[in-house]
Amino acid sequence: MGKRRKREGMKLWQIVMLCLVYLFLYLPIVVVMLFSFNKSELNVNFTGFTTNWYRVLFEQRKDLWDALWTSLELGGISTVLSCIIGTAATIGMHRYNFRLKKFINNILYIPLVIPEIVIGIAFLASLSMIGISMSMTTLVISHVTFCIPFVIITLRSRIAGFDASIEEAAMDLGANQIHTLMRVTIPMLVPGIVAGGLLSFTLSIDDVVISFFAAGPDQVTLPIKIYGMVRSKFTPDVYALCTIIMIGTIVIYGGIQFLQEKMAARRGENI
């Protein structure tokens with residue numbers, strides 16, 4: 001009887017801790033959504049419910065939508081390039097032994113541990129020394145350089161458990177190296193590539209510091225736009241945009257989960 005009460009007490013304690021963790025994680029998101037319906041422009045107290053800020057967002061805040069589109073475009077291009085380069089680098093370093101391989105593997109961790117402001121200043125100094133003016137191109141280059149190590153490290157854990165005998169079997173059946181790469185190796189690495197791509201997109205669309213140093217005068221990403229508004233005038237229409245982004249993210253994530261479950265169920269039926 002005593003042991004049963006002890007187990008129930010431990011279970012209750014675990015539930016309480018879990019609720020506190022989720023409250024800590026998601027309470028700020030709930031507050032943002034709540035204040036997107038606030039009547040007051042002062043983001044201090046909730047004075048009443050209104051949807052006016054959503055009307056203002058869609059009718060008057062073209063600058064916010066342009067900044068969001070810039071961030072999405074930058075994140076998409078950076079993610080695609082990071083995945084292509086990162087996948088090629090991961091496969092090459094896994095298959096071949098060459099000089100400086102260990103050194104290259106070690107320096108991949110540098111962008112992960114040094115502050116972003118150091119990376120941003122380094123890009124600014126390097127591009128200025130070369131004589132390249134800041135533009136969308138420099139912004140993409142800086143984000144790709146920053147994101148590639150995350151893709152490689154994510155893929156490295158996937159390729160570590162890769163069964164090389166499958167590639168050998170494909171070659172024994174007449175496939176050349178290119179066909180084996182495109183039809184065997186890369187399809188087996190797709191989960192790792194998707195994970196690295198999602199991580200890269202998240203880092204790119206969320207970045208402020210590197211974008212601040214590498215962007216030109218015409219490239220204003222959404223994080224930079226919001227940062228500038230915080231320093232001057234911050235109105236709840238920004239909360240409305242953030243709410244739309246969060247709802248869109250939840251819908252996309254739910255759709256991906258649904259598709260994954262459907263694909264897993266089909267594979268199970270085929271087996």
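Here is the figure for the range 46-59: residues that are surrounded by 10 or more Cβ atoms within 10 Å (Cβ to Cβ) and either modelled with pLDDT under 85 or hydroxyl-bearing (Ser, Thr, Tyr) (or both) total 5. Of everything in the range 110-130, what is in a loop (DSSP other than H, G, I, E, B) and surrounded by 14 or more Cβ atoms within 10 Å (Cβ to Cβ)? Give them in sequence order. Matches in the range 110-130: none. For the range 85-107, the criterion of being over 30 Å from ILE178 (Cα atoms), β-branched (Val, Ile, Thr), touching a residue at least 60 places away in the same chain (Cβ under 8 Å) and in a helix (DSSP H, G or I) is met by no residue.
Considering ILE29, ILE84, the condition of being among the β-branched types (Val, Ile, Thr) and modelled with pLDDT of 90 or more is satisfied by ILE84 alone. Does the range 263-271 contain any residue that is of a type outside the set (A, V, I, L, M, F, W, C) and surrounded by 15 or more Cβ atoms within 10 Å (Cβ to Cβ)? No, there is no match, as no residue in the range 263-271 is of a type outside the set (A, V, I, L, M, F, W, C) and surrounded by 15 or more Cβ atoms within 10 Å (Cβ to Cβ). Any residue at all in the range 131-142 that's surrounded by fewer than 12 Cβ atoms within 10 Å (Cβ to Cβ), modelled with pLDDT under 85 and at negative phi? Yes: one or more hits. Among the residues of the range 25-52, the ones that are within 27 Å of PHE201 (Cβ to Cβ) and either touching a residue at least 60 places away in the same chain (Cβ under 8 Å) or assigned to a loop (DSSP other than H, G, I, E, B) (or both) come to 5 in all.
The values are calculated or read from the model by the stated rules, or taken from the named source; none is laboratory data. None of these values were measured; they are calculated from a predicted model. Cβ: placed from backbone, ideal geometry, glycine included. Neighbour counts: every protein chain shown.
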